[in-house]
Amino acid sequence: MRNKVAMLACALLSGPLAAGDFEDAFVAASIGDFAKAAQLWGPLAVQGNRNAQYMVGLMHGTGAGVAQNEIEAAKWMRLAAESGSAGAQGELGSMYESGRGVPQNFAEALKWYRLSAEQGNPYAQTSLAGLYGNGKGVAQNYIVAHTYANLASNSQGYDGSQRSWARGVRDDFARVMTPDQVAEAQRRAANWVAQGGDKDGYGPWVGSRLPEELSLVLARTAARDIRYPSQAQLMRWQGTTEVLMRIGADAKLKDASIAKSSGYDILDAEALDKVRRLKEIDHVPNAFVGREFSVTVPIAFRLQ
């Protein structure tokens, strides 16, 4: 289990890293000094560094350098996932699928796997294929399942054994599909690659949400001057409000409503107010230009 943290640290060390505690923690983890890594990553995670939050979550989940605590792992994974970490989104999906640290919930697993898969995470793509193929948390759809597994099986982010796993998942579903269904799944996967992940602008499923990148851009924009209600701070209320935005073909906001409550009306009202001030939307992907579409934007309220 601890090898998962060390292997990830080694992989990240192969790319450019910021100097200081962050890099030192990766070095420590890569040589097995998880206690030191935890000491260095911990403060960075508290400060809001999503990569550190992800690593701290992994350490709590595996017991590397800290006492194993799945509930604590889920807390850090959620923070990193809400900030856009594809790795954390995939891991949080896995936790919901298996019921580790959180109540088992296939719909939540689907949500987090999908967000991670849309960022190209092959692990999440393969896991998402399993949910679609087995009808867990979503209506069974072999075409979507095959599409995601096919994407993962050709991902450069997977090693040989992982690609074999994805191919196995893909081929299992292919055996119960018609030739036309397989051809359609292959077309969708090829189109995804050809358009840099845009998948016709709608994803390989029917009625998909806009790619997560725009959702996070909108969330960051709305959060720039968000006011944390004083009553909520006093009562220590925290949560994430998901706001559904309907964007017109002219890239202007047509409507906004609460898709999922934070659990507190006062936080929901503040989130909705900020999103409604986003009158015109920048960074609309080419596939959506001139079209009306909807996107769900998460607005997080977290006490420091």
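Here is a list of conditions, (1) modelled with pLDDT of 75 or more; (2) surrounded by 16 or more Cβ atoms within 10 Å (Cβ to Cβ); (3) assigned to a loop (DSSP other than H, G, I, E, B); (4) under 22 Å from the mean Cα position of the chain (by Cα), and Trp237 meets all of them except one; can you say which number that is?
Looking at each condition in turn, Trp237 falls short on (4).
Within segment 42-64, how many residues are assigned to a helix (DSSP H, G or I) and closer than 21 Å to Leu303 by Cβ?
Residues flagged as assigned to a helix (DSSP H, G or I) and closer than 21 Å to Leu303 by Cβ within segment 42-64 amount to 12.
Identify all residues within segment 65-89 that are outside any helix (DSSP H, G or I), over 19 Å from Ile299 (Cα atoms) and not aliphatic (A, V, I, L, M); write none if there are none.
Within segment 65-89, Gly65, Gln68, Asn69 meet the criteria.
Are there any pairs, at least 6 apart or on different chains, whose C-beta atoms fall under 6 Å, with the first in segment 76-88 and within 11 Å of Ala45 (Cβ to Cβ) and the second among the polar types (S, T, N, Q), and if so, which?
Trp76/Gln53; Leu79/Gln53; Ala80/Gln53
Filter segment 248-291 down to residues that are under 17 Å from Ile226 (Cβ atoms), out of contact with any Ser or Thr (no Cβ under 8 Å at 6 or more places or on another chain), at pLDDT below 90 and in a loop (DSSP other than H, G, I, E, B), then give me how many there are.
Result for segment 248-291: 2.
Can you find even one residue in segment 171-185 that is among the aromatic types (Phe, Trp, Tyr) and closer than 23 Å to Gly87 by Cβ?
Checked against the condition, which is being among the aromatic types (Phe, Trp, Tyr) and closer than 23 Å to Gly87 by Cβ, segment 171-185 yields no hits at all.
Could you count how many residues in segment 35-55 are farther than 16 Å from Glu23 by Cβ and crowded, with 21+ Cβ neighbours inside 10 Å?
Residues in segment 35-55 being farther than 16 Å from Glu23 by Cβ and crowded, with 21+ Cβ neighbours inside 10 Å: 1 in total.
Check Asn49 against each of (1) without any contact (Cβ under 8 Å) to a residue 40 or more places away in the chain; (2) in contact with a strand residue (DSSP E or B) (Cβ under 7 Å, 6 or more places away or on another chain) and name the one condition it does not meet.
Only one criterion in (1) without any contact (Cβ under 8 Å) to a residue 40 or more places away in the chain; (2) in contact with a strand residue (DSSP E or B) (Cβ under 7 Å, 6 or more places away or on another chain) is unmet by Asn49, namely (2).
Only residues in segment 181-198 that are under 9 Å from His146 (Cβ atoms) count as the first member; pair them with residues that are part of a helix (DSSP H, G or I) and at pLDDT below 75, Cβ under 8 angstrom, at least 6 apart or cross-chain, and list the lot.
Arg188/Lys199; Arg188/Asp200
Specify the residue that is farthest from Pro298 (Cα to Cα); the eligible residues are those in segment 90-117 that are part of a helix (DSSP H, G or I) and of a type in the set (A, V, I, L, M).
Met95
Please go through (1) of a type outside the set (Phe, Trp, Tyr); (2) closer than 16 Å to Trp192 by Cβ; (3) touching a Phe, Trp or Tyr at 6+ places or on another chain (Cβ under 7 Å) for Ser116 and return the number of the only condition it doesn't satisfy.
Tallying (1) of a type outside the set (Phe, Trp, Tyr); (2) closer than 16 Å to Trp192 by Cβ; (3) touching a Phe, Trp or Tyr at 6+ places or on another chain (Cβ under 7 Å), Ser116 fails exactly one: (3).
Does segment 160-173 include one or more residues that are acidic (Asp, Glu), in a helix (DSSP H, G or I), buried (at least 19 other Cβ atoms within 10 Å of the Cβ) and outside the structural domain of Asn69 (by TED's automatic domain parsing)?
Looking for residues that are acidic (Asp, Glu), in a helix (DSSP H, G or I), buried (at least 19 other Cβ atoms within 10 Å of the Cβ) and outside the structural domain of Asn69 (by TED's automatic domain parsing), one finds none in segment 160-173, hence no.
The values are calculated or read from the model by the stated rules, or taken from the named source; none is laboratory data. Computed from a prediction, not measured in an experiment: that's the story for all the values here. Neighbour counts are summed over all protein chains in view; Cβ atoms, including those assigned to glycine, are modelled from backbone coordinates with ideal geometry.
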